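Following this message is one structure expressed as structure tokens.
The values are calculated or read from the model by the stated rules, or taken from the named source; none is laboratory data. No experiment lies behind these values; they were computed from the predicted model shown. Cβ sites come from the backbone with ideal geometry, for glycine too, and all protein chains shown count toward neighbours. Note: accessible area is taken over every heavy atom of the protein model, side chains too, but ligands, DNA and RNA are not part of it. Shrake-Rupley method; radii C 1.70, N 1.55, O 1.52, S 1.80 Å.
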Amino acid sequence: MSGRQYRLTGRIHVARPPDEAFVLFTPRGEEQWADGWQPAFPALTDDDAAPGTVFETSAGGEHTIWVVVGREPGRRMSYARVTPGSRAGTVSVELTRGAAGHSSVEVTYSMTALSPDGSRQLSEFAAGFPDYLKSWESAIALAI
């Protein structure tokens, strides 16, 4: 077991107040701006952001299982995620009111490698994390 752990935190800005920007970080809301993001829900749900909601993605050709573990509407979303045989951890998004009523969004990935390949992938992800978040900011700006 490789077991390498990473805690990566960065900040982006969204030209909407937190109560409006919040939906962009829900499972279905992310479809508005994240290329290739198509959550699949094994159980029907009217509220994709309700704690306990399970969904799956296959972005980038990888199968990942997600669980909503926390939500404060207009303020915070938290997810647990597992890419079987590769990596597992949590992702949290916290919105605060920034300049001009826009949102300052703190994104934190706390991840553990489950295999040597997962360790390699997390190392690459960590090295590119600032650019990854910049791509979020740019994609969101284009979508809204």
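So in the range 3-29, with the set limited to residues that are open to solvent by less than 30 Å² (accessible area, probe 1.4 Å) and part of a helix (DSSP H, G or I), which one is nearest to residue 85 (Cα to Cα)?
Going through the qualifying residues, I end up with 25.
Test residue 32 against the criterion of being touching a Leu at 6+ places or on another chain (Cβ under 8 Å) and open to solvent by 90 Å² or more (accessible area, probe 1.4 Å), and give yes or no. Don't jump to the end; show me each part of the working.
Details: touching a Leu at 6+ places or on another chain (Cβ under 8 Å): yes; open to solvent by 90 Å² or more (accessible area, probe 1.4 Å): yes.
When the stated conditions are applied, residue 32 passes them.
Additional query: Just wondering, is there one or more residues in the range 82-92 that are more than 21 Å from residue 113 (Cα to Cα) and not hydrophobic (A, V, I, L, M, F, W, C)?
Within the range 82-92, not a single residue is more than 21 Å from residue 113 (Cα to Cα) and not hydrophobic (A, V, I, L, M, F, W, C).
Can you say whether residue 127 is among the small types (Gly, Ala, Ser), touching a residue at least 24 places away in the same chain (Cβ under 8 Å), open to solvent by 30 Å² or more (accessible area, probe 1.4 Å) and closer than 20 Å to residue 10 by Cβ, as far as the supplied structure shows?
Here the answer is no, as residue 127 does not meet what is asked.
Just checking, which of 69, 105 is under 22 Å from residue 21 (Cα atoms) and either open to solvent by 30 Å² or more (accessible area, probe 1.4 Å) or not in a strand (DSSP E or B) (or both)? Show your work before the answer.
Numbers: 105 fails: either open to solvent by 30 Å² or more (accessible area, probe 1.4 Å) or not in a strand (DSSP E or B) (or both).
Only one candidate qualifies: 69.
Continuing with this model, one more query. Identify all residues within the range 48-66 that are open to solvent by less than 60 Å² (accessible area, probe 1.4 Å) and either of a type in the set (Ser, Thr, Tyr) or in a loop (DSSP other than H, G, I, E, B) (or both); write none if there are none.
48, 49, 50, 52, 53, 57, 62, 64, listed by residue number.
What is the number of the single condition among (1) closer than 20 Å to residue 122 by Cα; (2) surrounded by fewer than 13 Cβ atoms within 10 Å (Cβ to Cβ); (3) of a type in the set (S, T, N, Q) that residue 96 does not meet?
Here residue 96 meets the rest and fails (1).
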